[in-house]
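The values are calculated or read from the model by the stated rules, or taken from the named source; none is laboratory data. Predicted model, so just to flag it, every value in this text is computed and none were measured. When we count neighbours, we look across all protein chains shown, and the Cβ atoms used for this are built from the backbone with ideal geometry, even at glycine. All accessible areas refer to the heavy atoms of the entire protein, side chains included, with ligands and DNA or RNA removed. Shrake-Rupley method; radii C 1.70, N 1.55, O 1.52, S 1.80 Å.
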Amino acid sequence: SLTAVARDAAGNSTISSAVAVTVDNAPPAISITNPTAGARLSGAINVSADASDNIGVAGVQFRLDGVALGAEDTSAPYTIPWDTRTASNGSHTLTAVARDTIGHSTTSATVAVTVDNASMVITITAPTAGAMLSGAITVSADASGAGLAGVQFRLDGTALGAEDTSAPYAIPWDTRATSNGSHTLTAVARDAAGNTTTSSPVTVTVSNTSSAPASATRFENTDISIAYTPGTTGPPAWFHGSRSRDWSNGTASFNRSTGARATFGFTGTEVSWIGFRAFWAGIARVYVDDVFRAEVDLFLPMCTPEQQAQGCVHEEDEEAVFTATGLALGSHTLTVEVTGGRNPAATDNAVVVDAFDVVRSSPLTPEGTRAQETAASFTGAWTQGDTTAAWSGGTAARSVTAGARAAVTFVGTEVRWLGLRGPATGIARIFLDGSFHAQVDTYSPTAATGVVFMATGLAAGSHVLTVEVTGSRNAAATGHAIFVDAFDVRARFEERGQSISYAGTWIQEHMDLAWSGTTPNTGSGTAALSATAGATATFTFTGTAVSWIGFRGPVAGIANVYLDGALVAQPDMYAPADQIRVPVFTMTNLAPGSHTLRIEVTGQRNGAALGANVIVDALDVTPSSPAPVSRVEQTAPSVVFTPGTGWTQSSPSAFFSGQTVALSTTPGARAELTFTGASVRWIGQMRRDSGIARVYLDGTFIVQVDSFTLIQDEFQAAMFTATGLTPGQHVLTIEVTGEKHPSSSGAMVIVDAFEVY
């Protein structure tokens, strides 16, 4: 606290107002992680370091014998390649200097190593650089040196077969198992002491006309090109948010009602319905271009425990249950019709639409704004410009190197990674805003391009999504390649969000159509519906453009739309046929800053309309001056749980941010996040057995949050948001009350993650 005292000649004095400042002279922390002290090095290696700082690391400069080794690395992971053959044999010292954003710097402890490149020599002799390869070939190398123990060939940095321990050093390579395009071969010689020497790389081109890994484009169950119509028996509507199995992209659509249909419009020469077989599945009819093709019995016999132990299965998800081939190239429709019938041995009559695969299809259309893979930042070994599939923009990036990363920075609340699922693709790790978020297994028995991961419900700000190659794969996979094709981003706010308030009579969580919001996190998408004159939905946002996503159809009416209190439009939403997830009002070129959009039901309708319904499905925004967002998982050191016995860490689940959550039913149990920022969000879970929590900010009670939901659970839900905080350090506290909604079956409170911005 700084003050100043003014004194005059008579001895009178005045003290100024206090000025609060923060002194921060904490330097960064840094240590070299590779190589280790005393290591004996040869060939090309990576020098790596871990660096951290309470403000932020601006860069790391590696030094060899006190001289800069390459350029400063300005983003984690901090690493730099070093070809030790450019240094003299003998002892050398490595250091790393971390610099933070306000000029502090720290030099790591010195790591002494020995360079020894004299013992082994290795050269690839076949194939030659620039060779065009197809089919099965042999890769060979000449190697010599004292104590030579073996040669490991590598393809794009990953082991190609086993190490060859005797001359002549060679290994077979069937190039048909590799994507067409440019690839790099190296060979690593190893001596008995563990020293290695790597050959110069040889770049070749694989060209196998019949080996394209992706033969289809996948359209998920919520794609706008699928029209769902209800049936005539039982619950007639489709349910689009099933999360009960390992569905394609996390969700599937169910129906049991006679006559219910899912009609998919596509362009291609072959189409497959991706569905579900089980002992409780029913019978469906399939039509192509309105011509009956087949009746598909989806029943599988129930397995006994003994049969299951021998490999018997009575459920098959993400399966192609019907395929039509030989279609003329052009526009077609495929219709799945629920019969309501079932096999006599079946226990139920469920019909599932999980997805559709189309051969010779155009790439998927963007949902929001599309960034091609060229907009990403790549680290590690990637092959750019892959053309082996109908990629968005024509090309994709491919990697098989563990630790290789592709990062994209985007502004919005949703992001989708488009890539490839197939029999030879592997497992990737997803990082969101600096924290591990999810693990994605891209294996599929059939190859198809499409959306392989999505994150929704994010804070409206600047985010970073990172895809990391793990080098691991599903046990059934034949490879572990990861493909990055494009990213779709948008700033969408669903109608149940905290920024939308309703007055008057509304039907909430309307689920009869395939509304926006269907994701693994939320389950089935929902909408809010009203035909009551005077009912309003008010949306507060910060941005320069806004679109109301709603509904047009025979039962749609007329609404008043107000922006910042002024009437700006009266959209008539009548249409002869249903149109869902469509923009019914858009306004652009708004002044940057906060605005309020109010939708008012008039109760009026077009003369041809059968109703006056107004539906709020979602709102799309173009954010202004978005702040960078940091994600803090519940396992981070800045999150403290008290008492420790009052909280349980969950088992891993793909639905949780970071794959785990903390949960408690103990009254008084607290989770406290210490953070620095102007805004914060608590990410939790809405459940049918959840309870009530109190939220405190800097020790002051703010609000009571009821995490109960009546219809369907919601993962990674924004439970509480605080904005406009004084810049500086704050403490957010979540306290379990042990109380619950009268309809809830429990009082559980869940802490999944936090967003700070």
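Given the conditions (1) surrounded by fewer than 19 Cβ atoms within 10 Å (Cβ to Cβ); (2) touching a residue at least 12 places away in the same chain (Cβ under 8 Å); (3) over 25 Å from the mean Cα position of the chain (by Cα); (4) over 26 Å from Glu509 (Cα atoms), and given that Glu735 satisfies all but one, which numbered condition is not satisfied?
Single failed check for Glu735: (1).
Return the only residue of Gly457, Gly461, Gly426 being in contact (Cβ under 8 Å) with a residue 40 or more places away in the chain and open to solvent by 20 Å² or more (accessible area, probe 1.4 Å).
Answer to the check: Gly457.
So that you can scan it fast, the table gives a plain yes or no per residue for (1) among the basic types (Lys, Arg); (2) open to solvent by 40 Å² or more (accessible area, probe 1.4 Å); (3) in contact with a Leu (Cβ under 8 Å, 6 or more places away or on another chain); (4) without any contact (Cβ under 8 Å) to a residue 60 or more places away in the chain:
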site: Ala37; (1), (2), (3), (4): no, yes, no, no
site: Gly56; (1), (2), (3), (4): no, no, no, yes
site: Gly59; (1), (2), (3), (4): no, no, no, yes
site: Pro81; (1), (2), (3), (4): no, yes, no, yes
site: Arg85; (1), (2), (3), (4): yes, yes, no, yes
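So in region 319-342, with the set limited to residues that are at pLDDT 95 or above and more than 32 Å from the chain's Cα centre (by Cα), which one is least open to solvent (accessible area, probe 1.4 Å)?
Val338
So which residues in region 492-508 are open to solvent by less than 40 Å² (accessible area, probe 1.4 Å) and either part of a strand (DSSP E or B) or within 30 Å of Gly403 (Cβ to Cβ) (or both), if there are any at all?
Arg492, Ile500
Can you tell me how many residues in region 459-505 are modelled with pLDDT of 95 or more and under 13 Å from Asp617 (Cβ atoms)?
Adding up the residues that qualify gives 5.
Among Ser52, Ser42, Ser1, Ser75, which is loosely packed, with under 10 Cβ neighbours inside 10 Å and either among the hydroxyl-bearing types (Ser, Thr, Tyr) or under 36 Å from the mean Cα position of the chain (by Cα) (or both)?
None of the others qualify; the one that does is Ser1.
Look through Glu367, Glu316 and report the one residue that is modelled with pLDDT under 95, within 27 Å of Thr522 (Cβ to Cβ), out of contact with any Gly (no Cβ under 7 Å at 6 or more places or on another chain) and open to solvent by less than 60 Å² (accessible area, probe 1.4 Å).
Glu316 is the lone residue from the list that is modelled with pLDDT under 95, within 27 Å of Thr522 (Cβ to Cβ), out of contact with any Gly (no Cβ under 7 Å at 6 or more places or on another chain) and open to solvent by less than 60 Å² (accessible area, probe 1.4 Å).
In this structure, is Pro235 open to solvent by 20 Å² or more (accessible area, probe 1.4 Å), free of Cβ contacts under 8 Å to residues at least 60 places away in the same chain and within 21 Å of Glu337 (Cβ to Cβ)?
Working: open to solvent by 20 Å² or more (accessible area, probe 1.4 Å): yes; free of Cβ contacts under 8 Å to residues at least 60 places away in the same chain: yes; within 21 Å of Glu337 (Cβ to Cβ): yes.
Against the criterion (open to solvent by 20 Å² or more (accessible area, probe 1.4 Å), free of Cβ contacts under 8 Å to residues at least 60 places away in the same chain and within 21 Å of Glu337 (Cβ to Cβ)), Pro235 qualifies.
With respect to Ala609, is the statement that it is closer than 30 Å to Ile507 by Cα, open to solvent by less than 40 Å² (accessible area, probe 1.4 Å), out of contact with any helix residue (DSSP H, G or I) (no Cβ under 7 Å at 6 or more places or on another chain) and touching a residue at least 60 places away in the same chain (Cβ under 8 Å) true? Outline the logic, then answer.
Details: closer than 30 Å to Ile507 by Cα: yes; open to solvent by less than 40 Å² (accessible area, probe 1.4 Å): yes; out of contact with any helix residue (DSSP H, G or I) (no Cβ under 7 Å at 6 or more places or on another chain): yes; touching a residue at least 60 places away in the same chain (Cβ under 8 Å): no.
In short, no.
Mind listing whichever residues of region 164-195 are within 27 Å of Ser215 (Cβ to Cβ), among the small types (Gly, Ala, Ser) and without any contact (Cβ under 8 Å) to a residue 60 or more places away in the chain?
none
Would you be able to tell me the number of residues in region 612-634 that are surrounded by 21 or more Cβ atoms within 10 Å (Cβ to Cβ) and not in a strand (DSSP E or B)?
The total comes to 4.
Name the one entry in Thr532, Thr540 that is part of a strand (DSSP E or B), surrounded by fewer than 18 Cβ atoms within 10 Å (Cβ to Cβ) and β-branched (Val, Ile, Thr). Lay out the reasoning, then the answer.
Details: Thr532 fails: part of a strand (DSSP E or B).
Within the list Thr532, Thr540, the selection yields Thr540.
Given the options Gly181, Gly161, Gly157, Gly194, name the one that is among the small types (Gly, Ala, Ser) and either under 16 Å from Ser140 (Cα atoms) or touching a Gly at 6+ places or on another chain (Cβ under 6 Å) (or both).
Among Gly181, Gly161, Gly157, Gly194, only Gly161 is among the small types (Gly, Ala, Ser) and either under 16 Å from Ser140 (Cα atoms) or touching a Gly at 6+ places or on another chain (Cβ under 6 Å) (or both).
Could you run through region 468-491 and say how many residues are without any contact (Cβ under 8 Å) to a residue 24 or more places away in the chain and not in a loop (DSSP other than H, G, I, E, B)? Don't jump to the end; show me each part of the working.
Let us first name the residues in region 468-491 that are without any contact (Cβ under 8 Å) to a residue 24 or more places away in the chain, namely 475.
Applying the additional criterion that residues be not in a loop (DSSP other than H, G, I, E, B) yields none.
Qualifying residue count for the region: 0.
Taking Trp548 as the residue in question, decide whether it is under 26 Å from the mean Cα position of the chain (by Cα), under 30 Å from Ala262 (Cβ atoms) and among the aromatic types (Phe, Trp, Tyr).
yes
Can you confirm whether region 492-501 contains a residue that is touching a residue at least 40 places away in the same chain (Cβ under 8 Å), closer than 18 Å to Ile683 by Cβ and aliphatic (A, V, I, L, M)?
Checking region 492-501: not a single residue is touching a residue at least 40 places away in the same chain (Cβ under 8 Å), closer than 18 Å to Ile683 by Cβ and aliphatic (A, V, I, L, M).
Name the residues in region 377-405 that are over 22 Å from Thr217 (Cα atoms) and in contact with a Phe, Trp or Tyr (Cβ under 9 Å, 6 or more places away or on another chain), would you?
Across region 377-405, the qualifying residues are Thr401, Ala404, Arg405.
Suppose the filter is without any contact (Cβ under 8 Å) to a residue 40 or more places away in the chain and in contact with a Leu (Cβ under 7 Å, 6 or more places away or on another chain); does Trp273 pass it? Even if it seems obvious, please write down each step before you answer.
Values: without any contact (Cβ under 8 Å) to a residue 40 or more places away in the chain: no; in contact with a Leu (Cβ under 7 Å, 6 or more places away or on another chain): yes.
No, not satisfied.
Restricting the search to region 564-604, which residues are among the hydroxyl-bearing types (Ser, Thr, Tyr), over 18 Å from Leu529 (Cβ atoms) and open to solvent by 60 Å² or more (accessible area, probe 1.4 Å)?
Thr586, Thr588, Ser594
Is it the case that Glu316 is under 28 Å from Thr232 (Cβ atoms) and assigned to a strand (DSSP E or B)?
So Glu316 does not fit the description; no.
Sort through Thr726, Thr674, Thr721 and tell me the only one that's under 23 Å from Ala460 (Cβ atoms), assigned to a strand (DSSP E or B), open to solvent by 10 Å² or more (accessible area, probe 1.4 Å) and among the hydroxyl-bearing types (Ser, Thr, Tyr).
Answer to the check: Thr721.
Show the residue pairs that are 6+ apart or on different chains and have beta-carbon atoms under 6 Å apart, the first residue being within region 11-23 and over 30 Å from Gly103 (Cβ atoms), the second being in a loop (DSSP other than H, G, I, E, B).
Listed pairs, sorted by first residue: Ile15/Thr3.
Select from region 377-397 the residues that are in contact with a Leu (Cβ under 9 Å, 6 or more places away or on another chain) and aliphatic (A, V, I, L, M) and write down the one among them that is modelled with the highest pLDDT.
That would be Ala396.
So which residues in region 208-255 are modelled with pLDDT of 90 or more, within 24 Å of the chain's Cα centre (by Cα) and among the small types (Gly, Ala, Ser)?
Within region 208-255, Ala216, Ser225, Gly241, Ser242, Ser244, Ser248, Gly250, Ala252, Ser253 qualify.
If a residue counts only when it is of a type in the set (Lys, Arg) and open to solvent by 30 Å² or more (accessible area, probe 1.4 Å), which strands (runs of 3 or more DSSP E) contained entirely in region 90-162 have at least 3 such residues?
none
For Ser399, indicate whether it is surrounded by fewer than 20 Cβ atoms within 10 Å (Cβ to Cβ) and more than 15 Å from Thr369 (Cα to Cα).
no
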